[in-house]
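Notes to accompany the following structure.
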Amino acid sequence: MRYFTVILILWGALNTTYAQKPGMGGGAPPTTYTVTGKIQDAGTKAPLEYATVSIYNAADSSLATGSITDEKGNFSLVVKKAGQYYVVASFLGYLEQNVGSVKLSPDLLSVNLGAIMLKPDSETLNEVEVVAERSQMQMQLDKKVFTVGKDLSNAGGTAVDILDNIPSVQVDVDGNVSLRGSGNVQIFIDGKPSGLSGPDALRFLQSDQIERVEVVTNPSARYSAEGEVGIINIILKKDRKQGLNGSVSINTGYPHNHGGGITLNYRTKHVNLFTSYNLNYRKNIGSGFYRQEFTGADTLAVLEADRDHDRGGLGSTFRVGSDFFWKDKNTITIAGLYSYRQNTNNTDLNYQNFNSINELTSSSLRSEEENETSNNFEVELNYNRTFNKKGQEFVNVVKFFVDDDIEIGDITENAILGNANNLTQRTGNLEYEKNWLIQSDYIHPLPFGLKLETGARITLRTINNNYYVDQLENNGEWATLPGFVDTFNYQENIYAAYGILSGKYEKFSWQAGLRTEITDIDISSAVNDTEVQKNYVGFFPSAHLSYAANDKNTFQVSYSRRLSRPRFRELLPFSNYSDSRNFRMGNPDLDPEYTNSFEVGYLRYWKTGSLLSSVYYRYRTGVTARITQIDADGLAVNFPVNLSEEHSVGVEFTVSQTLWKIWTISGGTNIFYFERNGSFEGEDLGATSLAGNMRFTSKWALPKDFAVQAAVMYRSPQKQSQGRSLSMTSLDISASKDLFKKKATISINVRDVFNTRRWRSETITSEFTRYNEFQWATRQVILTFSYRFGTQTKQQKRNNGGGGDGGGMDEF
């Protein structure tokens, strides 16, 4: 319990430090006045996101306050003194609009200016110039938004690289994503499930197709209840600027990382057409090592294995779609996506066996060449309807996607020392997945500033998997290895509905909701003729309360109940036979985890930066942990089991600060403590650990449009149910230069400068001990060139920073 106290004291002390900045003294808050409204395009009536709104004193034209509009064009400004004011709305590429005679007094604390229409400026519409992008990190109490283009280390990378660069997010050697130390996080593409969100697919989703990433740590009832620690939403690019806009990029790197892509967007008053295509060839060259010591009653045996691999190949993604705007209040979106991957994965494992006095008794070389082909196809239809009443909205989504993955491997194992037989084997893993998503959401404003949200959602998922391992016998015939063949079928149907009531009173905003989900799961496996059914109903309440002390300080308290259903790979009996001494398997009988999550957040803005801090507590039941046992043949088998419960508490800090005009730092750290209880077959699997991770970025804007960035990442050791994971540190360095009046950028990025990004772990049981280290990819150097074009102005580029229309989770 002492760690709980230490973490709470740390969070309070740091927040107190920031709270003592000038203007943050105690006492009753002074009376404030609010001016609200909405900025729209006068022709299309489309909201103008990131338009500038400024309030001036009528007496001397001094600036009182200012802000920018949100994604729906809305603004809300707080003025500290009563008086006579005027409002100026601007968005370059549009004519400035002046709204005069705004009077604020003790009898009139709030003024709503309604819709302010801006007309395009014909003299500036022909300008084509690219300048600064949006801030890399935008912080809100319910989520953090990371704009991809501002982080130089993302150039030429993939979605995995982007996620691994986000504070509190980790990606392991298998591509599995975790948030705040937990792997039970839901990943969406454009606010919805997608075939591109799997570990392998994320490695081939190129960074230049991604606009931003949203991290939601305590979602409301509006969102799917799936994911213990929240939701990560990857938003793909789709521009909202008028006319033809786009970008072209090419990259090359070592080891092999070559590719290019194009993004196009054409928008008019009634239609928005968007498309993108990306083609790339990459190879990840990596290595690994493990040492296992098997202990018996009177003997000691040691196995060491050195691993070298190169994995990757050709990949491409094509996306196309259109928004149709009808009678100002109706938007119909039709979009499709196709992704293709063709990989060749080569792995060499050199086994060495030692006796109790460390003498080498045998060795062999096991080599696998695997050919992998994957196809993913998605199509979706969205209908969005707004009404005359402000805030009333009706959203409908239908999405269908299929994914097939075929992996065929050829394996040879030849003895180098000893009398072991040489082996020739082949493996096959054929997987097909089909998904349907049907969803409707409705928002209705009520009297007294209240708002009612309600919706329903159906997801239907079917997966078929066929796996086999054959061995060439002495008679020249192929025979299937006993126990290594399976036909696995998985059917998951989820039916959900929710309701949320929210409101605002003076400086307080609140929201309370309830979501229910009915889950029907059917599993069949040829192994032991297994059939499993999981049918359950869950209720998931959520509540959020926020207090805006002023325009610089906001506090929030939130609660949500969530669940984590077992992932398909955690249920699948077999998935890989590359290493015949160590097997990673699933457990078809896994149950879901349930989590109650509490969080207190504080958001602080000042002139040159911002701070978002949170303290959180989670209570989990049915906790899933992976454990390793030795089977009757002396082989290590790793599989997941349900344990009892886990308590965890943590603090998180995310900060952005401009130190000088040319120097900006940003990043975050997450420190957490957990106590896990549980056992399996008499083995105590409880664990306690204090751990943390951090990532900080320092960026310098130099003369002549040069920029340099350094990013450091650290992950501390962490205890597990059997042993612990060890620490890891890495450094990335990047540089860029804008060319051709900032229409183009050339950048060079060195990832893992000191080649230290290696996953290391120790496993300790009564049967054996194991030290393991693994590096998915060695140091990489990537050179990227991108060129942007379109009918847009300086201010549009400054405010849009790559744009993005829809796809955010607030819309679904």
Once R0 is set to 41 Å, what does the formula 1/(1 + (r/R0)^6) return for the Cβ-Cβ distance between SER716 and HIS270, expressed as a FRET efficiency to the nearest 0.05?
0.15
Under 18 Å from the Cα of LYS327 - aspartates and glutamates, other chains or at least 8 residues apart:
ASP41, GLU393
Nitroxide proxy distance, nm - points 7 Å out along Cα→Cβ at ARG385 and ASN474:
7.6
What does a probe at SER367 reach in the range 334-359, counting residues whose amide N is under 11 Å from the point 7 Å along Cα→Cβ?
347-349
With respect to the cross-link table entries LYS143/LYS329; LYS103/LYS143; LYS72/LYS607, which display a Cα-Cα separation exceeding 30 Å?
LYS103/LYS143
For the range 522-531, in order, what is each residue's ³J(HN,Hα) by Karplus, 6.51 cos²θ - 1.76 cosθ + 1.60 with θ = phi - 60°, in whole Hz (x at glycine and Pro)?
10, 10, 9, 9, 6, 5, 6, 6, 7, 9
Residues THR462 and ASN638, FRET efficiency given R0 of 30 Å [Cβ-Cβ distance, rounded to 0.05]
0.65
Pairwise label distance in nanometres, SER679 with ARG626, each label 7 Å out on the Cα-Cβ vector
2.5
Any chance you could run the full-extension gain for ILE334 through ILE408? It's 0.36 nm times the residue separation minus the Cα-Cα distance, nm to one decimal.
23.1 nm
Under the rule of -39500 (n - 2.57) per DSSP H run of 4 or more residues, summed and divided by the residues of the chain, what mean residue ellipticity at 222 nm is obtained, to the nearest 500 deg cm²/dmol?
-1500 deg cm²/dmol
The range 244-288: Rg/Rh from Cα coordinates, Kirkwood Rh?
1.26
Under 18 Å between alpha carbons, and skipping anything fewer than 8 positions from LYS742 in its own chain: which aspartates and glutamates qualify?
GLU127, GLU129, GLU133, ASP151, ASP208, ASP705
Residue separation between LYS119 and ALA420 times 0.36 nm, minus their alpha-carbon distance, gives in nm 100.3 nm
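List the pairs from LYS699/LYS743; LYS45/LYS737; LYS507/LYS743 whose alpha-carbon separation is above 32 Å, in the order I gave them. Don't jump to the answer; show the numbers that get you there.
Details: LYS699/LYS743 21 Å; LYS45/LYS737 37 Å; LYS507/LYS743 43 Å.
Pairs exceeding 32 Å: LYS45/LYS737; LYS507/LYS743.
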Can you compute 3J(HN,Hα) from phi for each residue in the range 423-429, using the Karplus curve 6.51 cos²θ - 1.76 cosθ + 1.60 with θ = phi - 60°, rounded to whole Hz and x for Gly and Pro?
10, 10, 9, 9, 10, x, 9
TYR495/ASN358 FRET efficiency (R0 41 Å; Cβ-Cβ; nearest 0.05)
0.10
Once phi is turned into θ = phi - 60°, what whole-Hz ³J(HN,Hα) does the Karplus curve with 6.51, -1.76 and 1.60 give for every residue of the range 690-700, x standing for Gly and Pro?
10, 9, x, 8, 8, 8, 10, 10, 10, 10, 10
Sparse-neighbour loop sites [chymotrypsin sites (Phe, Trp or Tyr not before Pro); the range 495-564; at most 15 other C-beta within 10 Å; DSSP]
none
Protection-proxy order for peptides 659-666, 360-367, 304-311, each taking the mean of Cβ atoms within 10 Å per residue, highest first:
304-311, 360-367, 659-666
Note down the nm distance, to one decimal, between modelled labels 7 Å out along Cα→Cβ at GLN533 and at ALA42.
6.6
Provide, for q = 0.09, 0.10 Å⁻¹, the log10 of I(q)/I(0) from a solvent-free Debye sum over equal Cα point scatterers in the chain.
-0.93, -1.16
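We did not get these values from a lab; they are worked out from the coordinates using the rules stated. From a predicted model like this one, the values you see are computed outputs, not experimental measurements. Every residue, glycine as well, gets a Cβ built from its backbone with ideal geometry; the counts of neighbours run over all protein chains shown.
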